[in-house]
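Data block below; observations after.
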Amino acid sequence: MTSNDDYVLQLLREHGIVGAEAAAAAEAAERPLDKTALDLLVEDGTVKEDDVLGTIADQFGLRYVNIDLDAVDPKIAAEIDSAIARKYGVAPVLRDGDTLTVALSDPMGFDAVDSLRYALPGVDVQAVLAPLGEVRAAMAKLYPDAAAGAVETREDDMGTGGEESADDAPVIRLVSNILANAVQMKASDIHLEPMEKFFRVRYRIDGALREMAPPPKSLQGAVLSRVKIMSKMKISEKRIPQDGRIQIKVGGKSLDLRVSTVPTNHGESIVMRILDKTNLALGLPQLGFLSDDQTKFERLIRLPDGVVLVTGPTGSGKTTTLYACLGQINLPDRKIITVEDPVEYQMEGINQVQVNKDVGLDFAAALRSILRQAPNIVMIGEIRDGETADIAMEAALTGHLVFSTLHTNDAPSAVTRLLDIGVKPFLVASALRAAMAQRLVRAICPKCRTPYTITDRDRKMLGPAAKNAPGSMFRGEGCSACGGTGYKGRKGIFEIFEVDDTVQRLIFDHAPASILRQRARELGMRTLREDGMLKVASGMTSLSEVLRVTMGDAE
């Protein structure tokens, strides 16, 4: 009946037009190859064609009409060539000034309307939805010599009687292309953003948003609905945010997409986070550690007990770092359990628990339960409240090694944050082994990496790192490999704050973060900016990148 009857059937169920039992029975029933479950429901009278098309028209913002054949002027056939009408299965029914109204029976046939708009410059093509029989009759009247082939060809295009499947529907192809292009360009996120006059698609590549060619505004509703169906969300619910997940295979690679929607003025905005499982193969060297920091961090993650925190804002790579840590210490003689919201990557050999607040399984509740599972190592996705923090600290004091993340601007501030959310100073001092702050900077593209002479201003900004720099630094000129940006991929810059006896006493005494930071510097801690400048001097990244992400870190 349409180019995606499965989608339409779900839509009808959500609107209460078809009952779940009737739909299930139709899907399970034996039927001819050219019949769908929806066809059977219409044929046996369970649902009326008018109800089906009326509901779909509302969903896609189309007007549902009945064609008055007597009012259709045969002269209007000249507006659209018969071959084009046959290809797209449309019938022109009204010309009013610059506006041409065409009738189609398949609401998913958006390619027909968009192609006509390109084929008829200067004409405002407007689509209406009409019953298949009436579209056939209009085409027979307008194109008597081509009518028989017209509708049959269109039915093949719709996937109801030919070899093409529903997967070839225009909207499905469009969404597939959006996903495939994002993966090919190594995007981390896909943003679908309804604007007032256009439908914006942006990819986040190496941390920066890049705008793509926008799909037609008319496809906005269909694209958003398609993504929601793939994510197993309620497509009829547009008033509240929703979360979902998509599992796809692109270019032989299995990917998970974490999907979230939020209502906006002009429609639902959707963001898809691409979770590439190949990132699990990242080791600590690939994260961007300098050799001394890598040695220090490898020692910390192999401690028998204590709490090790990774801090930074959203999108700074904390989760990737934690997964790299777990991959490094995931051995057969150790039991590792994680509590995550959500579980982003499935890791072999590790027990992963998904937080489910609907049934009361929050971080604190899950953490209490898993400690009875006698793990050696526990990873908590994020410490968000005092209760979770208390349990994590107590777990560390009873012989567990605990990893977690915290939202703070620098490493010493992790202590202040824990005290602020209610953790007792003696617990923090006794359990915390280290906190590491991190940021992500874009790496200079190796294909267009070009040296340039260091200026006096550059040397001043580099500070002590200038002595490690030769007479030149590097920048990316921009090439096809990096999309003209001069950057390809990202690396971390780090700040590792270790807790020694002196720091423990300072924590007992409620010392402010500035004093803790001073002691950390005495112990040899490099600040984020200092670590970044060393990586500028080595040619890994640019001066502007480090200044961008470490504003205010310099002392």
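The values are calculated or read from the model by the stated rules, or taken from the named source; none is laboratory data. If you're wondering where the values come from, they're calculated on a predicted model, not measured in any experiment. Every residue, glycine as well, gets a Cβ built from its backbone with ideal geometry; the counts of neighbours run over all protein chains shown. The accessibility values were calculated without ligands, DNA or RNA, using every heavy atom of the protein model including side chains. Shrake-Rupley method; radii C 1.70, N 1.55, O 1.52, S 1.80 Å.
Quick grid of which residues meet (1) under 33 Å from the mean Cα position of the chain (by Cα); (2) open to solvent by less than 50 Å² (accessible area, probe 1.4 Å):
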position: R517; (1), (2): no, yes
position: E522; (1), (2): no, no
position: M525; (1), (2): no, yes
position: R529; (1), (2): yes, yes
position: M533; (1), (2): yes, yes
position: V536; (1), (2): yes, yes
position: S542; (1), (2): yes, yes
position: V546; (1), (2): yes, yes
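Scanning the range 285-331 for residues that are in contact with a helix residue (DSSP H, G or I) (Cβ under 9 Å, 6 or more places away or on another chain), open to solvent by 10 Å² or more (accessible area, probe 1.4 Å) and aliphatic (A, V, I, L, M) yields L287, L290. Scanning the range 248-273 for residues that are β-branched (V, I, T) and either surrounded by 14 or more Cβ atoms within 10 Å (Cβ to Cβ) or at pLDDT below 80 (or both) turns up I248, V250, V259, T261, I270, V271. Cβ separations smaller than 7 Å between residues 6+ apart or across chains give the following pairs from the range 17-29 residues that are surrounded by 12 or more Cβ atoms within 10 Å (Cβ to Cβ) to residues that are part of a loop (DSSP other than H, G, I, E, B): I17/V47; V18/T46; V18/V47; A22/T46. Candidates in the range 332-360 are the residues that are among the aliphatic types (A, V, I, L, M) and modelled with pLDDT under 90; of these, the one that is farthest from the chain's Cα centre (by Cα) is V359. In the range 352-389, which residues are of a type outside the set (A, V, I, L, M), open to solvent by 40 Å² or more (accessible area, probe 1.4 Å) and in a helix (DSSP H, G or I)? Residues satisfying the conditions are K357, D358, R368, S369, E387.
Counting only helices (runs of 4 or more DSSP H) that sit completely within the range 454-555, those holding 1 or more residues that are closer than 25 Å to P313 by Cβ and of a type in the set (D, E) correspond to 528-537, 543-549. Within the range 93-106, restricting attention to residues that are crowded, with 23+ Cβ neighbours inside 10 Å and not hydrophobic (A, V, I, L, M, F, W, C), the residue that is modelled with the lowest pLDDT is D106.
Do the conditions hold for I56, that is, is it within 25 Å of P121 (Cα to Cα) and either out of contact with any strand residue (DSSP E or B) (no Cβ under 8 Å at 6 or more places or on another chain) or in contact (Cβ under 8 Å) with a residue 24 or more places away in the chain (or both)? No; evaluated as a whole, the condition is false for this residue. With respect to (1) closer than 30 Å to I377 by Cβ; (2) touching a Pro at 6+ places or on another chain (Cβ under 8 Å), the lone exception for L432 is condition (2). Please verify whether D276 is more than 30 Å from G61 (Cα to Cα), modelled with pLDDT under 85 and surrounded by fewer than 19 Cβ atoms within 10 Å (Cβ to Cβ), treating the condition exactly as stated. Spelling it out, D276 is indeed more than 30 Å from G61 (Cα to Cα), modelled with pLDDT under 85 and surrounded by fewer than 19 Cβ atoms within 10 Å (Cβ to Cβ). The criterion of at least 3 residues that are modelled with pLDDT under 85 is met, among helices (runs of 4 or more DSSP H) falling completely within the range 108-220, by 110-119, 147-158, 170-184.
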